[in-house]
Every structure is written in structure tokens, then in C-alpha cells.
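Visitor: Dropping the structure in here first, questions after.
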Amino acid sequence: MEYGVIDIGSNTIRLSIFKYNEEKNIVKLVTNKKVIVGLTGYVKKGQLSALGITKLCRTLQKLKMSLENFEIKNYSAFATASLRNISNTEEVLKEIEKTTGIKPEIIVGEEEARLDFIGAKSGMNLERGILVDIGGGSTEIVLFNNGEIEKLTSIPIGALNLQNKVVKHIVPEEKEIKKMRKIIKEALKELDWEYEQNYKYLYGIGGSSRACMNIIKETKNLPLEDKSFFVEELYNIVDILKNGGTCEETKELYRLIPERIFSFAGGAVILREIVDNFGVEKVIISKNGVREGYFIDRVIKKDEEKVENNEA
């Protein structure tokens, strides 16, 4: 079975096509297409603007054409903070359906965190640690032990909306880095969770965590196949960002991730504060995330339930 999943995020919109081998119970990613739209930048006074809606619909039309080119008839679409955190969600959904025929499901924050965990667990062994998905408009956090979720939450602060809110120009100044750090610290305090502050491993999902890893690998000439890094290297990245684009190190950093110039600082700061808060020593990048979790939970699991209940 081949199936398409469209993920409407605050910064990027992605189409993933999965193939499921029922006999071996294996999910394989066939192809992945990413379009950077930056929907958060089109939110004015809490509403997605007309231009933002148009860009969203045009992007979805193109992805639908990609599905047709791959001859994929079965697909689903979902939206996370991109559409759940705006006040005109229903208006946007109606326009999407009218223009494209697509009916996206709105995933609430805690459900997104749960699907993140399902997806990550399908691709790696998760015993004890913290799972973090830094998106453009929200950050999902899952604490787990013995392979099971202990606590989960979604914070309505993501890499893109944090940077848009605080940073006046393109590259943040030192005082703006400090302000972003303060915002995240306060958000983490509001969780009011009881937990041991020694979650050694953080499993990162999303472009911000991957971008941090890629920068560390390139600048330190480290093996690319190792999808992890120590938190000291992350601290170093945030320290470089404080220079506000005035030194050669900062310029080199942004040369490596030009497509994330409007969100990278926000994402790196969020990740830095989380590793500090939970006593993390090492960050490991998960190749699977919410799209894999959605496919497993919404498609495979529901198909299996239909078979068990003798439904057509």
C-alpha cells in the first residue's frame, strides 16, 4: 500500500509518500517533498491573511499534482500550529476545500506530541529520555521512560514565530537572543512538571534540530553519518549567534543554512533552553516524526481496526 501524507506546518509544507508492507509490518518513506512557505509570516492580528491563504492553497494544489504524478490516490492532510493557532481556522479550511478539494485535519498540540512519539519510536529504540519537536509555530515535548510516555505537552512558541516576535532585523542582536531565552525559560517554568532533571538523551524532531546538527558536523568536520551531537556544541552555536552577524563565524553559520535565516536563531535558542532545563547531555536526531506517526496511527491502525471489526 502506498499513501500520501501532507503536513501543513507554520514554516514548511511537506508531502511524504509512504509504502507499507503488511506482512513485515514495515513503513518505508518513498519520497519527501518540502516547500518553505512561512505561513506564520502571513498572520496579521491573529488571522491568516488573504495572501497567506492564497499561497497555502497554491502550494497544496502543486502537492496534489505531485500525488497525481506518482499515481497516489489515497492521501490525507493535516495541519498543526499553522492553522490551529489562528482565529480564522474555519474560513481557511473552507477555502482550502473549495480551491483544492483537500480537507485537512487540525491536530491539537498534545495529539501532535503523541504522534511525534509514535513516529520516532517506529524508527529507533526509545527507552528513557525527552523527545522534542521544534516547529515553526509550536514546540512539542514528550518525557518518556521504559518506552512509554510519562508527560507530554505543546508550547505555542516555535522557531519562526519566536524569531518574528523578538528579532527586529534579519540577524538577531545579543539583547534579542537574551529576550528569546527569557521567553522560553518562562514557558518551561509554567509546565509545573515534577520530574528528575537528568534526561541524558534528547531526541530531536524537526528542521531546527537537524540544522543545528548539520552546522556542527560541517564546522567541526565530523562524520555526517553520526546523527547526534553533544550539548556543548549547541551552546557554542548560540554564543556565535550573539555576535549579530558581525563576525566571520556567524556569516559562515548562515551560509550553511540560508533557507532558515528567518527561523534558525529562534530554533537554536529553544533547543538550548530545553537541554538546560532537563539536564540533557546529548542530542540525537530522529529521522521519523509526526508524519510517520500520523500514517501509523491514522491509516495503518484504522485499517487494522476495520479488518478486526469486519468492516468494508
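The values are calculated or read from the model by the stated rules, or taken from the named source; none is laboratory data. As the structure is a prediction and not an experimental result, all values here were calculated from the model. Quick reminder, even Gly has a Cβ in these numbers, built from the backbone with ideal geometry, and neighbours come from all protein chains shown. Surface areas here come from the heavy atoms of the whole protein model, side chains and all, with no ligands, DNA or RNA. Shrake-Rupley method; radii C 1.70, N 1.55, O 1.52, S 1.80 Å.
Visitor: How do the peptides 54-61, 122-129 rank, highest first, by the average count of neighbouring beta carbon atoms within 10 Å per residue?
Guide: 54-61, 122-129
Visitor: Using the beta-carbon distance between Thr54 and Lys165 and R0 = 30 Å, what value does 1/(1 + (r/R0)^6) give for FRET efficiency, to the nearest 0.05?
Guide: Efficiency at R0 = 30 Å is approximately 0.80.
Visitor: Right, here's the next one. Give me the number: length gained by fully extending Lys301 to Thr99, i.e. 0.36 nm times residue separation minus the C-alpha to C-alpha distance, one decimal in nm.
Guide: This chain segment gains 69.7 nm when fully extended.
Visitor: When a/c is below 1.5 the answer is rounded, else prolate if a/b is larger than b/c, else oblate, so apply that to the stretch 127-244 with a ≥ b ≥ c taken from the square roots of the Cα gyration tensor eigenvalues.
Guide: Verdict is oblate for the stretch 127-244.
Visitor: Summing -39500 (n - 2.57) over the DSSP H runs of n ≥ 4 in the chain and dividing by its residue number, what mean residue ellipticity at 222 nm do you reach, to the nearest 500 deg cm²/dmol?
Guide: Value at 222 nm, helices only, nearest 500: -13000 deg cm²/dmol.
Visitor: Additional query: Using the beta-carbon distance between Asn74 and Cys247 and R0 = 45 Å, what value does 1/(1 + (r/R0)^6) give for FRET efficiency, to the nearest 0.05?
Guide: 0.30
Visitor: Accessible area, 1.4 Å probe, largest first: how do Arg255, Arg272 sort?
Guide: Arg255, Arg272
Visitor: Size of the chain along its principal axes in angstrom, Cα-based, largest extent first?
Guide: 60, 47, 39
Visitor: Give the shape of the stretch 79-198 as rounded, prolate or oblate, defined through the alpha-carbon gyration tensor: a ≥ b ≥ c are the square roots of its eigenvalues, a/c under 1.5 means rounded, and otherwise the shape is prolate if a/b is larger than b/c and oblate if not.
Guide: Since a/c reaches 1.5 but b/c is at least a/b, the shape of the stretch 79-198 is classed as oblate.
Visitor: Can you give the accessible area per residue of the chain, in Å², using a 1.4 Å probe?
Guide: For the chain, the per-residue accessible area is 50 Å².
Visitor: Another question about this same structure. Tell me, in nm to one decimal, what length is gained between Asn146 and Thr219 on full extension, where the rule is 0.36 nm per residue of separation less the Cα-Cα distance?
Guide: Here the segment from Asn146 to Thr219 would lengthen by 22.7 nm.
Visitor: With 25 Å as the limit, write out which pairs from Lys165/Lys217; Lys185/Lys282; Lys200/Lys220 have Cα-Cα distances beyond it, or answer none.
Guide: Pairs exceeding 25 Å: Lys165/Lys217.
Visitor: Compute the distance in nm between two label points, each set 7 Å from the Cα along the Cα-to-Cβ direction, one at Glu90 and one at Lys282.
Guide: Between Glu90 and Lys282, the simple spin-label model gives 5.1 nm.
Visitor: Another question about this same structure. Estimate the FRET efficiency between Lys44 and Glu127 by the formula 1/(1 + (r/R0)^6), using the beta-carbon distance for r and 45 Å for R0, to the nearest 0.05.
Guide: Plugging the Cβ-Cβ distance into 1/(1 + (r/R0)^6) gives 0.50.
Visitor: For the chain, which whole-number percentage of the solvent-accessible area (1.4 Å probe, protein heavy atoms only) is attributable to carbon and sulfur atoms?
Guide: Heavy-atom surface of the chain belonging to carbon and sulfur, 1.4 Å probe: 46 percent.
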